[in-house]
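See structure below.
Every read-out reported here was derived from the displayed coordinates using simple, explicitly stated rules and does not represent laboratory data. Everything numeric here is computed off the predicted structure, so don't read it as measured data. When we count neighbours, we look across all protein chains shown, and the Cβ atoms used for this are built from the backbone with ideal geometry, even at glycine.
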């Protein structure tokens, strides 16, 4: 490990969508015991931390992002004891455990909301965002819900609207209420006391809303047929200045414990994103950087956002990169399997903490889900489904890919699971899985790749090139984003030998003067 750096700076985070990783109970849905049974794969791969998407008690209207009890595990996934066993088993393998905290909203089945909606004078009424209708009976403002329609739901019993940024079954908490803050911070302490190493905080930037509840302005760039939520610019319903006070309070809670990490899910432009580090690095340790998910896949654009991000980071802030997650199309589906290898090399050699989404190490693609099998509420409303990137992990060529012994799994597997699975790829020197493992082990054995400085290197065409340097050691990374051969001219300081290639057949080759890259090839060159 690089000296003077913490585990979440030098490590690799692996996101597990628990419904889809491994089913131990035989009901067609993944669970905690299933994750425990597959920890050896993650240890072999070389990842150092797992982030588990929500597994708390929930009616599952949004698959766990509607929490009814933050201090218990949903029976679908197991028990509180199973989570304790998972934490212990992961720690035995030197793998840290990060859970998913969903603080913006609860389920409408949460006892807090049941109390809040029971009467206008209930002590928990102000724990949620309730407002009167306008004189004409319409909602308090024009805010929209991410999952469709207006973001206000009328409650007949108390004759007021409550606000929900997502489903109506996910009422937003009022984080301006100190009692709400203390209750949610106590949830964090409950899990940190049980040995959890950190939290990824869902939609961190949503937590505070405009105090005056002003209307959001129209988006002048929105066009008919586009995602309806983007019709308005969420100027007043998210990313408010006061949210940083909340993040600072969360950070103070984490700082009561040794080496715990707070990660924020924040979909905002880079200048706003970096503010979530705090004014003196007293905010989130890692405000998630989604640029690799959001940008067009070409060398010039990716290089530009890397440079913009590096330049915007506050002093002492640690960078991070995300290539795939449960909400966005899989990398192989976005850029193709050949470029997915290049993308893996990019993710695992950039400066900062990488997050790898389960199955991307296999080159798993988005899966076409028949209309009758769509379960994502976003897909049922807009036909912009997240189901295709949440399908079961592909372990072997047996029925259901080794994921489950059930007759039917909660989502169908990819038709190519017999070809692209852990067993098939583990012993194949040219597989995407083997490439990931080699990249991870190279990165984790080199302080320069874990913690070294980043600097861009000029390259023409579809090539992105950069160096990583640390304590006199250096690496050059050159990535061909195109399907044609490319040549990179190198000055004398960039001579060295190939340490690893996506094509796996030129390790040890000397490089000086110029570097020839084949189509869809990336190389890591040890300098000197």
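A Förster radius of 30 Å, combined with the Cβ-Cβ distance separating residue 122 from residue 81, puts the computed FRET efficiency at roughly 0.30. Label positions at residue 297 and residue 92, each projected 7 Å from the Cα along the C-beta direction, are separated by 3.9 nm. In the chain, the longest principal axis of the Cα atoms and the axis of helix 243-254 are about 70 degrees apart. Each stretch of four or more DSSP H residues adds -39500 (n - 2.57); spread over every residue of the chain, this sum gives -7000 deg cm²/dmol at 222 nm. In terms of other Cβ atoms within 10 Å, 132, 27, 387 run from fewest to most in the order 132, 27, 387. Cβ-to-Cβ counts within 10 Å put 107, 81 in ascending order as 81, 107, the fewest first. Taking all Cα-Cα distances within the stretch 111-163, those exceeding 13 Å account for 57%.
Report, for the chain, the % of DSSP beta bridges that are antiparallel, rounded to 5.
Values: 42 of 66 bridges.
Bridges in the chain that DSSP calls antiparallel: roughly 65 percent.
For the chain, take the longest principal axis of its alpha carbons; what is the angle in degrees between that and the long axis of helix 299-312, to the nearest 10 within 0 to 90? The two axes meet at around 60 degrees.
Listed highest first by mean packing, meaning other Cβ atoms within 10 Å per residue, what order do 290-303, 430-443 come in? List each step's numbers first, then the result.
Numbers: 290-303: 16.5, 430-443: 20.0.
Descending mean neighbour count gives 430-443, 290-303.
For the stretch 283-323, the Cα gyration tensor yields ellipsoid semi-axes of 20, 12, 6 Å (square root of five times each eigenvalue, largest first, whole Å).
Gain in length, residue 384 to residue 7, computed as 0.36 nm per residue apart minus the alpha-carbon separation, to one decimal in nm? Each step should come with its number before you reach the end.
On the way: separation 377, 0.36 × 377 = 135.72 nm, distance 3.63 nm.
Difference between extended and current length: 132.1 nm.
Give me the angle, in degrees from 0 to 90, between the Cα long axis of helix 80-92 and the longest principal axis of the Cα atoms of the chain, rounded to the nearest 10. For helix 80-92, the angle is close to 20 degrees.
Computed from the Cβ-Cβ distance with R0 of 45 Å, the FRET efficiency linking residue 177 to residue 484 stands at 0.15.
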